[in-house]
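Peer 1: Once you've had a glance at the structure underneath, I'll fire off some questions.
What follows is calculated from the coordinates using simple rules that are stated; it is not laboratory data. Just so we're clear, the structure is a prediction, and the values are computed from it rather than from any experiment. As a convention, Cβ positions derive from the backbone with ideal geometry for all residues, glycine included, and neighbour counts pool all protein chains shown.
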Amino acid sequence: MEKDRQKLYRWFRRHGRDLPWRRTRDPYAILVSEFMLQQTTVTAVVPYFERWMEAFPTLRDLANADESQVMSRWQGLGYYSRARNLHRVAREIEQSHGGRVPRTLPALRSLPGVGEYTAGAVMAFAFDFAGPVVDANIARVLARLADWRHPIDNAKGVQFLRRAAESLLPAKGGRRHTSALMELGARVCLPKAPHCGECPLQESCRAVVPERLPVKRPRRVTEAVQEVRAFVWARGKIWLERSRGPRWLGMWVMPVAKVPERTSVHEEIYPITRFRVTMNVVPEGKMDRTLSGFSPEELPPMPSPHRRAVAALLRKRHNRVHAR
Ligand code: SF4
């Protein structure tokens, strides 16, 4: 085991990527990166992380920011509940933990939006704690190393992954260990075509057909959903409402159309969780008291499908007016 670990660490020293959150041990910065990396790729996160750290360099800066500043920095990354939770985490740490990110798994887990994985990752990357951390990349490596041909996403599979991760752990140095395993999954032990010839763990790996692993339970079928929103334009402003959730709770969106039978002037199709949403937009000229008006130059942060639709419709409007 020790020999394998040393091979893995040597490989990581030579091939590990230089990522901004690997250059720091600031627990706040690591917490930010972990929130951003939930459901988003490393490449997409890097520029957002860098801009975020410029805007809110410390946990206190984030705790003192207002919601619209926070949402506007997150705009485009999607899954906006992560931004809201991160903001709440910063405020809670300021109020209940003296402004310092807690150093124990139970205290981290008690924070909003922090699950077992995120808590373990912060313990490893910020505090060098050697505990089992299993993300999708590590799960794939573990399943292949042991040639585990059962689903990894049921209770038995989760237990297997935890035990397998524990069996590889060093006595100390959780930061290097976790980063190296993750990197191996991200760069070598790839989902469709693993580069086994370049793998430092090749000699101990038991996978017979690694491409078929890990096994997962059959997926739920995607459900098609239709919705009709209104592009309300009046008094030189576009009129929006705050989402009442559960999707995009509190964010500015186009209101639900009052007369959905009108001819659609724009269509957006987007996936969200297990749904495939087709959003049609119809024009409406009347605003009511539940709506707030924004000039096209000062639009608030909006979820991507609404932002794209509004931008396209404002462009069309502008072209029409200037063609007259
Ligand atoms: S030998 Fe191949 S399948 Fe096994 S851990 Fe390495 S890359 Fe993955």
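Peer 1: Which FRET efficiency, nearest 0.05, do His322 and Ser167 yield, Cβ-Cβ r, R0 51 Å? It would help to have the intermediate numbers written out before the result.
Peer 2: On the way: r = 67 Å, r/R0 = 1.32.
Calculated transfer efficiency: 0.15.
Peer 1: Evaluate the relative contact order of region 223-323 (contact order divided by residue number), counting alpha-carbon pairs under 8 angstrom at least 6 apart; express in whole percent.
Peer 2: Numbers: 171 pairs, mean separation 35.0, N = 101.
Result for region 223-323 is 35 percent.
Peer 1: Using a simple charge model, +1 on the beta-carbon of Lys and Arg, -1 on the beta-carbon of Asp and Glu, nothing else, what dipole does region 26-143 show about its Cα centre, in debye to the nearest 20? Let's see the in-between values first.
Peer 2: On the way: 11 positive and 12 negative charges, 40 e Å.
Charge dipole of region 26-143: 200 debye, to the nearest 20.
Peer 1: Going by C-beta contacts inside 10 Å, put Val256, Val46, Val310 in order with the fewest on the left. Present the calculation step by step, with values, prior to reporting the outcome.
Peer 2: On the way: Val256 12, Val46 16, Val310 23.
With the fewest neighbours first, Val256, Val46, Val310 line up as Val256, Val46, Val310.
Peer 1: Treating the beta-carbon of each Lys and Arg as +1 and of each Asp and Glu as -1, no other charges, what is the dipole magnitude of the chain about its Cα centre, to the nearest 20 debye?
Peer 2: Details: 56 positive and 32 negative charges, 96 e Å.
With only Lys, Arg, Asp and Glu charged at Cβ, the dipole is about 460 debye.
Peer 1: Same structure again: Hey, which lysines would be in cross-link range of Lys286, C-alpha to C-alpha under 21 Å, not counting anything within fewer than 8 residues on its own chain?
Peer 2: Qualifying lysines at Cα under 21 Å: Lys237, Lys258, Lys316.
Peer 1: Also, quick follow-up: Nearest 0.05, what FRET efficiency do Ala107 and Asn154 give at R0 = 30 Å with Cβ-Cβ as r?
Peer 2: On the way: r = 29 Å, r/R0 = 0.97.
So the FRET efficiency works out to roughly 0.55.
Peer 1: Okay, next question. Taking H placed 1.01 Å from N in the peptide plane, check which residues at least 5 places from His266 or on another chain put their amide H under 5 Å from its amide H.
Peer 2: Val281
Peer 1: A further question follows. Skipping prolines and chain starts, which residues have an amide H placed within reach, meaning under 5 Å, of the one on Asp135, given they are 5 or more residues away or on another chain?
Peer 2: Residues meeting the criterion, in which the H sits 1.01 Å from N, do not exist here.
Peer 1: Where nothing but the Cβ of Lys and Arg (+1) and of Asp and Glu (-1) is charged, how large is the charge dipole of region 187-314 around its Cα centre, in debye to the nearest 20? Before the final figure, lay out each step's value.
Peer 2: Details: 22 positive and 13 negative charges, 89 e Å.
I would put it at about 420 debye.
Peer 1: When the helix-only estimate is applied to the chain (DSSP H runs of n ≥ 4, each -39,500 (n - 2.57), divided by the residue count), what is the mean residue ellipticity at 222 nm, nearest 500 deg cm²/dmol? The partial results should precede the final answer.
Peer 2: Values: 12 runs with 144 residues, N = 324.
Roughly -14000 deg cm²/dmol at 222 nm, from the helical runs in the chain.
Peer 1: Could you work out the Rg to Rh ratio of region 240-296, with Rh taken as the Kirkwood radius (inverse of the mean 1/r over all Cα pairs)? Each step should come with its number before you reach the end.
Peer 2: Working: Rg = 12.4 Å, Rh = 12.9 Å.
Over the Cα atoms of region 240-296, Rg/Rh equals 0.97.
Peer 1: Here's something else I'd like to know. Quote the relative contact order of the chain in percent (integer), defining contacts as alpha-carbon pairs under 8 Å separated by 6+ residues.
Peer 2: Working: 465 pairs, mean separation 50.9, N = 324.
After rounding, I find 16 percent.
Peer 1: Where does region 223-323 land on Rg/Rh, using Cα atoms and the Kirkwood Rh?
Peer 2: On the way: Rg = 13.1 Å, Rh = 13.9 Å.
Ratio value, two decimals: 0.95.
Peer 1: How large are Rg and Dmax for region 55-177 when calculated on the C-alpha trace, in angstrom?
Peer 2: Calculated on Cα positions, Rg and Dmax stand at 17.0, 49 Å.
Peer 1: Based on DSSP, what percent of beta bridges with both residues in the chain are antiparallel, to the nearest 5? Can you show the working numbers first?
Peer 2: Values: 16 of 27 bridges.
The answer is about 60 percent antiparallel.
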